[in-house]
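Values quoted throughout were computed directly from the atomic coordinates according to the rules given, and no laboratory measurement underlies them. Just so it is clear, the structure is predicted and the values come from calculations on it, not from any experiment. Cβ placement follows ideal geometry from the backbone for every residue including glycine, while neighbour counts extend to all protein chains displayed.
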Amino acid sequence: MFPNFRLSMAWLHTWFGLVLGFVLMVVFFFGSLSVFDREIDRWAIPQSRFEPQPMPSFDRILLPVFKDMKPTPEAIEQARSRVDGPMAETFPVQRWGAYTTHRDPVLGLFSGHELPHAKNKDDSVFGTRTIDPRTGAALPDDHLKIGSQFFYPLHYSLHLEWKNLGYWIVGFAALAMMVALVSGVVMHRKIFRELFTFRPKKHTQRSALDLHNLTGVVALPFHFIFALSGLVIFGGIYFPVTHTQLEPLYELHEKHEAQETGLPHEKAGVPATLASVDAMVAEAQRRWAAKGMAGDVGFLAVQHVGDANAYVSVYRAGTDRVTLTGEGIHFKGSTGELIREDPPVTVVAGINNFLTGLHLQHFRHWLLRWLYVLGGLSGCVCIATGFLFFVEKRKRQHAKQAVSGARWVDAFAVTTVTGMLIATFSMLIGNRLLPTDLPARGTMEQYLFWGAWVLACAHAIWRTAPMGEARMSPAWAEQCWTAAALAVAAVLLNWVTTGDHLLRTIGSGYWPVAGVDLALLAAAALAVVAARRLRRRALGPSVQAKAARSPEVANA
Amino acid sequence: MPDSLLYAVALVANLTGLAWLALSMDVHWEQVRGPVPAPRRTVVLLRWLGAVVVASSLAVCLSVDHGSMASLVWFMVLAGSALTIAFTLAWKPRLLAPLVAWVRGGDASPARQG
Amino acid sequence: MATITASRLHIVARIAAGTVGSYAFTWGFIALGIGLLFAAGMPFHDAEALGYILGFIVLLVAFLWAFCAASLVRVWLVLAGGGALMAGAASLVQKALL
């Protein structure tokens, strides 16, 4: 198709970068927000604005809650297509789990239940509940955790659950990201020579390209490893080899593993009670300390609940390293005796844990967390400047030929860059303004998000008409101003509706909420700076020359 | 030494090392020191200095966290430092002049021609 | 950027070949990889993990190659054909292990 390698790489970079770039903007931006997802949850759910808590007592706090849990109505609804015949009324419980990190004030619990008459015998339905670990009191289900239940899943699935379509789109975008990085390196002949090159005073096409190259190259390992690790995390969705072609091999392994480890694969069918899990947790912590790695409980799970084959697994939280959890210790459910202590991981498992842990970041390291945000936002700048370069390069030509390509790309670029900010800030404003006891409050917040984004898109399309004359669209500046105003409004509303203004949150050192407010204000400041620069550029060279002659600028 | 101080040292080391690496290139040398390019010896020296200092920043990171976390921190601080140096060269290149003030020759800045 | 002489149809065909072909090739690679590694004694979940990590690199390379290859026929033969061969071999390995 192409006369040489470099041309094929350039073509791939341009067209796959352009089309998948819109998806990648969303993935990178909400991925960056997800670094502080739990902190955003605190901002959105004022009742949860207290200090992070360790895993509470299972016997006193968790067991009564677990016993009460059932599959969620949504899970049952989604499972309708996965059963033969009518949906059952009761769902026998199979497993319980609780996971916490050093950043969680509230605790998320989940329960796995059998799905009667399921087409796939291994299928199950899940129940979830969020509790205050100090008391066991449940948080209302429709108080949406905007960070961990909205921004984070948006980042990896675009909230398109039907047949995992969103996961596939994001996966393809991740492949496109790696393609863009490799092809970008091939295209960028002077990659070392121009490593620090950024010429903001030149015309838009040149400075956009400089910034695109800069942000792409300096964080290249970051961008590549995040795309690759993201794909590996969902590898089972993209290449479900061991549940299809190699399923017999998988089953064989499961049986061997159950025999080797002593952890029963199936339930016995004989009812039994659960011994004190607190005693098991204490024993696990004693064993970790004896190995010189004392730590907190990260993950607690009970398999085959209520059965003689029940076993309890206690995993250490990965707070002090990259791997998520580890050092699993397993106890017999009915007696509390030790079944197995997980051996040290193999080299391959270590590499896999490192890759996934690097992406999912449950470690305690605030500097690295902020550096991740820097990397993610650099990725956003790389993609956005890519759009700008594409449009600038073609808009004159397209205007002359009366082709609307550049105009549409610009409109979608505005939608994906500033429009996305407007949608995000609108959702936060809605979160503060909607009545606390509004039923389906979380759903309303989501409608606000999508609605605001659609409006931003409509505005962008309407206001890109000047592109037809190869001028800059005013949509960029207008949306920058709007985003800035919305961000400030969100901070003010937080103050008005919760009393937690910045002086109070910084003064008491409650950084989750202070951090979100400060980030909103910083975003507003950046948006204002951008809007003013855009106005100067849009007004054209004559105004800039006049400004340059004025005394203040001459002395600058 | 408290961790935050060590991180600050690592950051400064990365900034300095990358600045030297940048200044070993003619185009950036000219932005900071004027149109006369640096002598060949200086270019080589700056490259070596830059590389050594950047590598030492990794050693500092490793003294704070264990291997896997430290290398991630170092890579990302490197990225942030590269961005900072690029922006400094774009808007305020003279800020980097003190880093090469000890280099004699190759300096034709207007102030000296007064 | 130099204009390419390919027609729109060819571009679509090349994208289809690249996507489907690289997917098929990677599926075969992962399946055969897991089978062989497990047969060689690697723990099953390790074989799976390594299969995926290497697999996505293979996917990237296969995809890039599809757009550099001289002809569409070559792309289909190597990627889809190679994938099918590897998948077939994987099933043979599985049969031998069961």
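Worth pointing out:
- Compactness of the range C:1-93 - radius of gyration and Dmax, Cα, Å: 15.4, 52
- Residues whose amide H lies under 5 Å from that of A:GLY328, counting only those 5 or more places away or on a different chain, are A:ARG316, A:ASP342; hydrogens are built 1.01 Å from N in the peptide plane.
- P(r) tail for the protein assembly as shown: Cα pairs beyond 35 Å make up 55% of the total.
- C-alpha center-to-center spacing [the range A:310-373, the range C:70-98] in angstrom: 36
- Remark: mean inter-chain Cβ contacts per residue of C:23-30 equal 3, using a 10 Å Cβ-Cβ cutoff to other protein chain atoms.
- Packing-based order for A:209-218, B:50-59, using average beta carbon neighbours within 10 Å, highest first: A:209-218, B:50-59
- For chain A, the relative contact order works out to 15 percent when only alpha carbon pairs closer than 8 Å and six or more residues apart are counted.
- If a spin label sat at a point 7 angstrom from the Cα of A:THR443 along the line to its beta carbon, no backbone N atom of the range A:108-140 would be nearer than 13 Å.
- Nearby aspartates and glutamates by direct alpha-carbon distance to A:LYS202 (threshold 20 angstrom, same-chain neighbours under 8 apart not counted): A:GLU194, A:ASP210, A:GLU392, B:ASP26, B:GLU30
- Estimated FRET transfer efficiency (A:TRP168, A:ARG60; beta-carbon r; R0 60 Å; 0.05): 0.85
- In terms of distances greater than 32 angstrom between alpha carbons, the cross-link table entries A:LYS67/A:LYS121; A:LYS145/A:LYS393; A:LYS291/C:LYS95; A:LYS119/C:LYS95; A:LYS332/C:LYS95 yield A:LYS145/A:LYS393; A:LYS291/C:LYS95; A:LYS332/C:LYS95.
- For chain A, hydrophobic long helices are taken as DSSP H runs at least 27 Å long by C-alpha position along their axis with mean Kyte-Doolittle hydropathy of -1.0 or more; these are A:5-34, A:165-187, A:366-400, A:441-462, A:475-498, A:511-539.
- When Rg and the Kirkwood radius Rh are both evaluated on Cα atoms of the range B:14-114, their ratio Rg/Rh stands at 1.06.
- When you count the other C-beta atoms within 10 angstrom of each residue and take the mean per peptide, A:361-369, A:320-328 line up highest first as A:320-328, A:361-369.
- Shielding score for C:38-48, defined as the mean number of other chain Cβ atoms within 10 Å: 5
- Rounded to 10°, Cα long-axis angle of helix B:67-91 versus longest principal axis of chain B: 20
- The convex hull drawn around the Cα atoms of the range A:409-540, when projected onto a plane and averaged over every direction, covers 8.7 nm².
- Inter-chain shielding of C:66-72 (mean C-beta neighbours from other protein chains, 10 Å cut-off): 4
- Built amide H within the under 5 Å cut-off of A:ASP307, gap 5+: A:ALA272
- Calculated FRET value between B:THR84 and A:ARG471, using beta carbons and R₀ = 56 Å, to 0.05: 0.95
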